[in-house]
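In what follows, a structure is listed as structure tokens, so that the remarks can point back to it.
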Amino acid sequence: MIETLEAGPGTEVDDLGPAALLASIRSARAVEDAAAARQLDLAARWADLHPPESIHHAATFTSGRGISLEVEEPIAGEGCPTVAEFCVAELGTVLGISTVSAKRLIGHALELRHRLPRLWTQVQSGRVAPWRARMVAEATIHATPSLTPEAAGWVDAQVAAVAGRVGPAQLDRLVAETIKRFELAADDPAADPEDGYLSVDPRHVTVHDEDVHFAGTVRIEAEVDLADAFDVDRVLTHGAELRKALGSTESLDARRAAALGDLARTQTALDLHTQGNTGTRDADGLPVAREVVLHAHFDARSVGDGDTVFGPTGRLEERQRLVLLEQVRAWCGDSRTKVTVQPVIDLNAHLEAPGYEIPDRIREQVILRDTTCVFPFCTRPARGCDVDHVIEYDHDADTEGRPQPGPTLTPNLAALCRFHHRLKTHTAWHYDVIGPGEFEWTSPHGHRYRRDADGTTPLDPPPEPSRRPDRP
């Protein structure tokens with residue numbers, strides 16, 4: 001939206017001076033914040049249109065026991081209204097985000113409007129940036145133990161008093177103080193009745209595998225007991241020195257990082273002098289220590305002498321990350337590592353099976369072809385998804401002598417995560433196969449999306465909205 005910034009008529013942005021550029025950037029941020037605040041308001045209104053009472057309108061199918069297959073979805077704290085779970089998906093696709101992200105957006109909007117009303121007012125008036133308010137809402141929604149409406153209101157008052165200018169560390173301390181002030185853990189038999197719940201246990205170990213560096217590394221963040229920290233530091237120091245004594249020329253930091261991996265594999269650094277063993281047991285008779293399963297895919301070609309040559313780069317199914325062939329070779333050459341090579345599956349072949357059940361060979365082909373759930377903007381790995389018949393399998397066709405409309409054939413199969421499988425089965429969402437691994441989805445309100453190996457593409461302008469009065 002550069003053309004809307006504070007440049008005079010006919011003035012090119014490149015002609016602006018430093019002061020004018022800063023003013024334009026500040027104006028752009030104000031426009032962005034105002035749009036984000038309105039998006040929160042509209043998300044809350046979308047939830048208003050889909051209360052639990054609307055479930056019987058949204059889900060036309062019921063289970064054999066007459067229970068609605070759609071359920072109430074509590075996505076914010078106590079005191080906030082619940083919503084019909086399937087309404088979240090269409091909001092997400094319109095915004096171009098995953099269903100999980102859309103659920104988080106609605107949850108933050110409801111938390112702010114119902115449990116943090118002061119902060120909500122400041123967001124809507126432009127005094128507090130929406131991203132700051134959403135950070136507070138995330139903390140109050142997921143506090144452990146859960147915050148009562150009164151406790152959330154106290155947090156709201158404290159944050160609103162400083163116009164939302166709190167950082168993550170301050171927010172953590174504020175939530176911990178709130179838990180203590182309102183004695184939310186007083187019923188815990190393990191808690192000290194004189195002291196109440198002093199603070200939230202901060203210990204954790206987090207592997208940030210969603211952010212993989214091009215070098216094939218990830219960050220590990222941890223907060224542990226002081227004594228445990230000293231023990232870990234001592235073990236890593238010893239491991240780094242051991243690697244240096246065995247001839248490693250890597251830096252101290254690199255050797256400490258490698259020692260942490262050795263620690264996770266029961267300190268196989270003690271066996272660094274024996275490399276390349278295969279099978280289920282090492283030469284010393286001990287079982288293999290590394291049992292991590294990774295699915296790496298590389299392009300391969302045959303050369304004149306009959307050997308197979310692999311490309312230098314491939315793809316990991318886990319998190320859909322780039323992987324280098326040299327990295328895989330290093331992993332395979334590490335001590336006590338079991339390596340299994342799976343046969344190549346032709347993704348272009350049409351595999352078919354009689355009956356409804358999907359054999360493993362067909363399931364594996366669908367997983368490799370789709371890589372993720374094929375619902376618009378969903379990124380759940382296909383290996384953890386259901387395999388769905390796009391055209392429903394008719395269990396009575398054979399006995400009644402009719403052609404099977406939905407055969408168990410790879411062109412009629414797709415990977416869907418459990419939530420989107422239920423969504424497709426029990427709502428007006430539907431999709432069609434338009435090519436190998438290519439699908440066209442249509443939402444209940446007529447929005448259409450193309451989903452293929454490159455991602456999701458909206459296919460046409462949204463339909464004209466129906467005119468209806470705003471909900472008071």
| query | Could you say which residue among THR457, THR410 is modelled with pLDDT of 90 or more, over 20 Å from CYS385 (Cα atoms) and surrounded by 11 or more Cβ atoms within 10 Å (Cβ to Cβ)? | reply | THR457
| Any idea which of VAL341, VAL309, VAL303 is modelled with pLDDT under 65, exposed (fewer than 12 other Cβ atoms within 10 Å of the Cβ) and aliphatic (A, V, I, L, M)? | VAL341
| query | When the residues of the stretch 253-272 are filtered to those that are polar (S, T, N, Q) and out of contact with any Gly (no Cβ under 8 Å at 6 or more places or on another chain), which remaining residue is modelled with the lowest pLDDT? | reply | THR268
| request: Go through the stretch 158-169 and give me each residue that's surrounded by 13 or more Cβ atoms within 10 Å (Cβ to Cβ) and either modelled with pLDDT under 95 or hydrophobic (A, V, I, L, M, F, W, C) (or both). | output: VAL159, ALA160, ALA163, GLY164, VAL166
| field | Residue list for the stretch 42-83, restricted to those being part of a helix (DSSP H, G or I) and modelled with pLDDT of 90 or more | value | LEU42, ALA43, ALA44, ARG45, TRP46, ALA47, ASP48
| message | With the structure loaded, tell me whether GLU438 is at pLDDT below 90 and not aliphatic (A, V, I, L, M) or whether it fails that test. | response | no
| field | Residue selected from the stretch 341-386 under the condition free of Cβ contacts under 8 Å to residues at least 24 places away in the same chain and outside any loop (DSSP other than H, G, I, E, B), by the criterion nearest to the chain's Cα centre (by Cα) | value | GLU364
| remark: Subset of the stretch 138-157, residues without any contact (Cβ under 8 Å) to a residue 40 or more places away in the chain and either surrounded by 20 or more Cβ atoms within 10 Å (Cβ to Cβ) or part of a helix (DSSP H, G or I) (or both), comes to GLU138, ALA139, GLU150, ALA151, GLY153, TRP154, VAL155, ALA157
| note | When the stretch 324-338 is checked residue by residue, the ones that are in a strand (DSSP E or B) and modelled with pLDDT of 70 or more are LEU324
| field | Contacts under 7 angstrom Cβ, first residue in the stretch 431-460 being over 30 Å from ASP346 (Cβ atoms), partner surrounded by fewer than 14 Cβ atoms within 10 Å (Cβ to Cβ), 6 or more apart | value | THR442/HIS430; HIS445/PRO463; GLY446/PRO463; HIS447/PRO462; ARG448/LEU459; ARG448/ASP460
| Which ones in the stretch 214-250 are more than 29 Å from ARG315 (Cα to Cα), among the aliphatic types (A, V, I, L, M) and surrounded by fewer than 10 Cβ atoms within 10 Å (Cβ to Cβ)? | LEU226, ALA227, ALA245
| field | Whichever residue in the stretch 170-194 is in a loop (DSSP other than H, G, I, E, B) and among the hydrophobic types (A, V, I, L, M, F, W, C) and, among such residues, is modelled with the highest pLDDT | value | PHE182
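Search the stretch 105-119 for residues being in a helix (DSSP H, G or I) and without any contact (Cβ under 8 Å) to a residue 60 or more places away in the chain, and hand back the single one that is farthest from THR93 (Cα to Cα).
Among those that are in a helix (DSSP H, G or I) and without any contact (Cβ under 8 Å) to a residue 60 or more places away in the chain, it is ARG118.
The values are calculated or read from the model by the stated rules, or taken from the named source; none is laboratory data. Fair warning: this is a prediction, and the values are worked out from it, not measured in the lab. Here the Cβ is made from the backbone with ideal geometry for all residues, glycine too, and neighbour counts use every protein chain on show.
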